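Below: the structure, in structure tokens.
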Amino acid sequence: MFKINYDKDQILQVIDNIVRKTMTMDMTWEWPCGVAYYGIAEAYEITKNKEYLEMLSDFTEEYIALGLPEWNVNTCAMGHAMITLYEATNDEKYWEIVLSKVDYLRNHALRFGDRVLQHTVSDKNDFPEQAWADTLFMAAFFLLRVGIKLKDKETIDDALNQYYWHIKYLQDPATSLWYHGYNNINKDHMSGFYWGRANAWAAYTMSQVGRRLPEAYLYPIYMDIDCALRDQLGAIKLLQTENGLWRTILDDVEAYEEVSASCGIAAAMVTNKNPLHTKYIQKALDGILKNITEDGRVLNVSGGTAVMKDRDGYRNIPKNWIQGWGQGLALSFLTAIINDK
């Protein structure tokens, strides 16, 4: 039987602490804020605490007044919170922002090969013909959510196509773990490491397809996604540390334990609901809670990480600071625990 033991009141208090701490952070309309506010949106969905919604709305209003940035793959991450704001308020301005991001991704974003989204962090050709696992959260998962809401098969198919090709490019068939990036020009994985947070982006977003897509089994690509997730989680569980966490390079025993990756991986396990993962989730819950302070800071989260050139590049990314993605992925994990049925 799939059952996680926890104190619901304690988890709800930790969620509240993280939300309130996150809203004190001066984040701009970018992917760190996008992941953080996705987590807050998930917290709102679970608790229906209108304060969380008001916080998101106040931030959005301020940014609309300042002027929204140009879209790229990373800035599209903010679309997740806009979906929640629209669904909760029916205010069309939030949906207009969502649709403008969808228009960018569908019609203007750089693509290569079989219409695969190239990872972009600005309005430039940042990483020519490179696929990054990050894109699944920032863009593909977002497209999927909008396609489902609109009942638009073309948008759903586009989103699923992103999953399919990212699996083909980034998941190692021998280990079932994910590389951080793929260079289509050189036909390689660049430095070729199994970066922890890349595996979290992949696992978490793949777990959401079956959760959110009605009759997912009628989409042939879903079978690829489901099997890719099954094999990834089966491999990744064996790399959990004694502290219930996963490392910033998953299979490197000298790499440090990293909490944002651990949250994303554990959240995928909760959503996937395989009874064989229960003990790993329980261990992860204990380890993650030990890395959240009373004032809601998620500790030991590595900084923003490009596809690094070598092992030391990943090992030496600092983990001393509060980060939006750490806050958001922790909220995603804890809300998944509360939402478990």
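For Trp178, the shell of other residues with beta-carbons less than 13 Å away shows a net charge of -2, using +1 for Lys and Arg and -1 for Asp and Glu. Inverting the pair-averaged 1/r between distinct Cα atoms of region 281-341 gives 13.0 Å as its Kirkwood hydrodynamic radius.
Accessible surface of the chain, 1.4 Å probe: 48 percent of it comes from carbon and sulfur atoms. The calculated 222 nm mean residue ellipticity attributable to helices in the chain amounts to -17500 deg cm²/dmol, summing -39500 (n - 2.57) over DSSP H runs of n ≥ 4 and dividing by all residues.
Note on region 8-339: Kirkwood radius taken over Cα pairs, Stokes-Einstein applied at 25 °C and 0.890 mPa s, translational D equal to 125 µm² s⁻¹. Computed with a 1.4 Å probe over protein heavy atoms only, the accessible surface of the chain comes to 41 Å² per residue. Rounded to the nearest 20, the size of the Cβ-charge dipole of the chain about its Cα centre is 800 debye, with Lys and Arg at +1 and Asp and Glu at -1. Provide the net charge surrounding Thr60, with neighbours chosen by a C-beta distance below 10 Å and charges set as Lys +1, Arg +1, Asp -1, Glu -1. For residues surrounding Thr60, the net value is -3. When region 8-339 is described by a simple charge dipole with +1 on each Lys and Arg Cβ and -1 on each Asp and Glu Cβ, the residue from Asn243, His80, Leu66 located farthest towards its positive end is Asn243.
Summing Lys and Arg as +1 and Asp and Glu as -1 over all other residues whose Cβ lies under 14 Å from the Cβ of Lys153 gives a net charge of -2.
Given a Förster distance of 56 angstrom, what is the FRET efficiency for Asn186 paired with Lys50, based on the Cβ-Cβ distance and rounded to 0.05? FRET efficiency, Asn186 to Lys50: 0.65. Loop-located trypsin sites (Lys or Arg not before Pro) across region 195-270 with a Cβ neighbour count of 16 or fewer within 10 Å are lacking, with loop assigned by DSSP. Ranking Ser302, Ser122 by solvent-accessible area of protein heavy atoms (1.4 Å probe, all protein chains present), from largest to smallest, gives Ser122, Ser302.
Summary of packing: across the peptides 65-71, 283-289, the per-residue average of other C-beta atoms within 10 Å ranks them, highest first, as 283-289, 65-71. The stretch between Gln13 and Arg211 holds 68.7 nm of extra length on full extension. This uses 0.36 nm per residue minus the Cα-Cα distance.
The values are calculated or read from the model by the stated rules, or taken from the named source; none is laboratory data. Being a predicted model, the structure only gives us computed values, none of them experimental. Cβ: placed from backbone, ideal geometry, glycine included. Neighbour counts: every protein chain shown. Please note that ligands, DNA and RNA were not included when accessible areas were found on the heavy atoms of the full protein model with its side chains. Shrake-Rupley method; radii C 1.70, N 1.55, O 1.52, S 1.80 Å.
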